[in-house]
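Below: the structure, in structure tokens.
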Amino acid sequence: AWYVPCLASLETLQELCRKENLRCKSIGITNRNLKSYEVEYLCDYKVEEGTEYYLVKWKGWPESSNTWEPQKNLKCPLLLQNFLSDKNEYLSRVKEGKALKVRNHVKALKPAVADYIVKKAKQRIALQRWKEELNRKKNHKGMILVENTVDLEGPPLDFYYINEYKPAPGINVINGITTGCECADCPAEKCCPKEAGFILAYNKQKKLKIQPGLPIYECNSFCRCGPDCPNRIVQKGTPYSLCIFRTNNGRGWGVKTLQKIKTNSFVMEYVGEVITSEEAERRGQLYDNQGNTYLFDLDYDSDEFTVDAARYGNVSHFVNHSCDPNLQVFNVFIDNLDLRLPRIALFSTRTIKAGEELTFDYQMKGSIDLTSDSADGLSPSRKRIRTVCKCGAVCCRGYLN
């Protein structure tokens with residue numbers, strides 16, 4: 001049998017079912033709720049003969065089914081609050097205070113105001129769905145929030161969340177390691193880092209103690225030690241709750257922490273598609289024309305592979321550049337000891353307060369060789385057009401490349 005993926009959203013399918021009076025248990029439309037009505041968002045407002053009315057978009061119903069309802073019939077205080085907040089926000093921006101005044105005679109919002117309110121409602125729903133999708137797909141402890149109080153930009157349309165490298169055909173990011181340490185107490189014995197000729201990267205508090213440029217060798221799936229081993233940090237994933245937010249100075253999306261992060265703590269891993277440098281060169285030329293790319297050269301030992309996080313990535317996809325960053329890049333080896341294919345981990349360089357934006361230097365030595373565009377995309381150093389830096393740091397270099 002042939003199966004064709006449906007590109008329509010669940011809500012669109014529900015609307016079609018109700019419009020055609022069809023039942024479909026798989027998408028939640030049954031005899032019991034076929035004719036049920038739930039407010040999805042409020043579209044418009046008017047006053048007629050002293051009674052306030054709101055135009056209601058019903059959840060799972062097409063917009064052609066929208067109805068005007070008196071306020072007394074609405075049992076959705078949060079949606080009413082969002083409606084009024086969006087209206088006041090728009091009016092404060094365009095300074096149209098007159099539309100706020102309600103008289104006893106018929107009064108309605110101007111079409112531009114109602115249009116903005118609908119767009120904000122749709123954006124709010126889209127961002128909420130995106131947040132739920134991100135949290136379903138992530139495999140780490142910390143939660144992911146999404147916030148946009150700046151503009152009407154919604155979720156990226158061509159971005160897919162992944163938790164680990166997505167290798168291109170022919171690239172093996174797991175080299176078939178079959179041995180691990182026999183330690184009963186990893187920090188005190190000849191553990192994986194010592195076998196590789198390096199020191200243990202973490203102290204007893206599980207904080208980084210090595211200098212930038214040195215590799216991290218963590219215990220792997222064949223090691224005798226358990227999940228509480230102090231040499232298993234990056235592999236556990238992001239421990240902090242983070243927020244993808246819209247910046248207000250033209251840098252597109254950014255990431256801020258919702259929890260305090262202590263110095264030298266693991267924050268997140270940089271993941272994406274693993275491709276050859278030749279493919280990265282080809283994509284880089286296309287990305288240059290589009291003005292956004294997220295290419296990260298894996299050049300710890302050689303320059304054979306590149307990570308492309310343009311379409312596939314995790315929260316790090318949205319982390320902005322700063323000439324005075326609070327994150328530092330380190331190369332990590334766990335279940336793959338191929339020096340050409342290190343995992344990339346971001347650690348805090350200082351204490352980071354809750355609510356503070358997370359950043360790293362796209363040009364930091366020994367880590368990453370990237371530049372950015374106005375939409376926060378990353379590009380390789382071979383990019384020909386110089387990009388103005390908007391990080392705002394006192395020590396800003398002026399350009400990202």
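What part of the accessible area of the chain, given as a whole %, is carbon or sulfur when the probe is 1.4 angstrom? Could you put the intermediate results ahead of the total?
Numbers: 10740 of 21070 Å².
Ligands and nucleic acids excluded, carbon and sulfur reach 51 percent.
Cα centroids of the stretch 8-29 and the stretch 165-197: 50 Å apart. The heavy atoms of Lys166 offer some 80 square angstrom of accessible surface to a 1.4 angstrom probe.
Between amide H atoms placed 1.01 Å from N, distances below 5 Å from Gln363 occur with Leu370, all of them 5 or more places distant or on a separate chain. Less than 5 angstrom separates the built amide H of Val255 from those of Phe245, Asn320, Leu358, all sequence-distant by 5 or more or on a different chain. Phi angles across the stretch 78-84 convert, under the Karplus curve 6.51 cos²θ - 1.76 cosθ + 1.60 with θ = phi - 60°, into 3J(HN,Hα) values of 5, 5, 5, 5, 4, 4, 5 Hz, Gly and Pro given as x. The fraction of Cα-Cα pairs per 10 angstrom bin, counted from 0 for the stretch 1-80, comes to 17, 40, 28, 11, 3, 1, 0 percent, rounded to whole percents.
For the stretch 179-308, evaluate the Debye formula with one uniform point scatterer on each Cα (no solvent term) and list log10 I(q)/I(0) at q = 0.11, 0.17, 0.18 Å⁻¹, rounded to two decimals. Log10 I(q)/I(0), no solvent term: -0.57, -1.08, -1.13.
Model label sites at Asn31 and Leu339, defined 7 Å from Cα along the beta-carbon direction, differ in position by 7.1 nm.
With a 1.4 Å probe and all protein chains left in place, how much accessible area per residue does the chain have, in Å²? Don't skip to the end; give the middle numbers.
Details: 21070 Å² over 401 residues.
Heavy-atom SASA per residue in the chain reads 53 Å².
Taking amide H as placed 1.01 Å from N in the peptide plane, the amide H of Gly142 sits under 5 Å from that of Tyr240, each at least 5 places away or on another chain.
Within straight-line reach of Lys131, meaning a Cα separation under 13 Å, sit the following aspartates and glutamates at least 8 residues removed in sequence or on another chain: Glu147.
Here r is the Cβ-Cβ distance between Asp303 and Lys194 and R0 is 45 Å; the resulting FRET efficiency, rounded to 0.05, is 0.95. Protection proxy ranking for 326-333, 239-246, using the average of other Cβ atoms within 10 Å per residue and placing the highest first: 326-333, 239-246.
What number, rounded to the nearest 500 deg cm²/dmol, is the helix-based mean residue ellipticity at 222 nm of the chain, given -39500 (n - 2.57) per DSSP H run of at least four residues and division by all its residues? Rounded to the nearest 500, it is -6000 deg cm²/dmol.
Ranking of Thr51, Thr257 by solvent-accessible surface, largest first: Thr51, Thr257 (1.4 Å probe, protein heavy atoms only, all chains present).
3J(HN,Hα) along the stretch 212-217: x, x, 7, x, 10, 10 Hz, from the Karplus curve 6.51 cos²θ - 1.76 cosθ + 1.60 with θ = phi - 60°, whole Hz, x for Gly and Pro. Helix 10-19 and the long axis of the chain differ in direction by around 30°, with both axes built from C-alpha atoms.
The values are calculated or read from the model by the stated rules, or taken from the named source; none is laboratory data. In this text, all values refer to a predicted model and were calculated from it rather than measured experimentally. Reconstructed Cβ throughout: ideal geometry from the backbone, glycine too, with neighbour counts over all protein chains shown. Side chains are part of the model used for accessible areas, which takes the heavy atoms of the whole protein and leaves out ligands, DNA and RNA. Shrake-Rupley method; radii C 1.70, N 1.55, O 1.52, S 1.80 Å.
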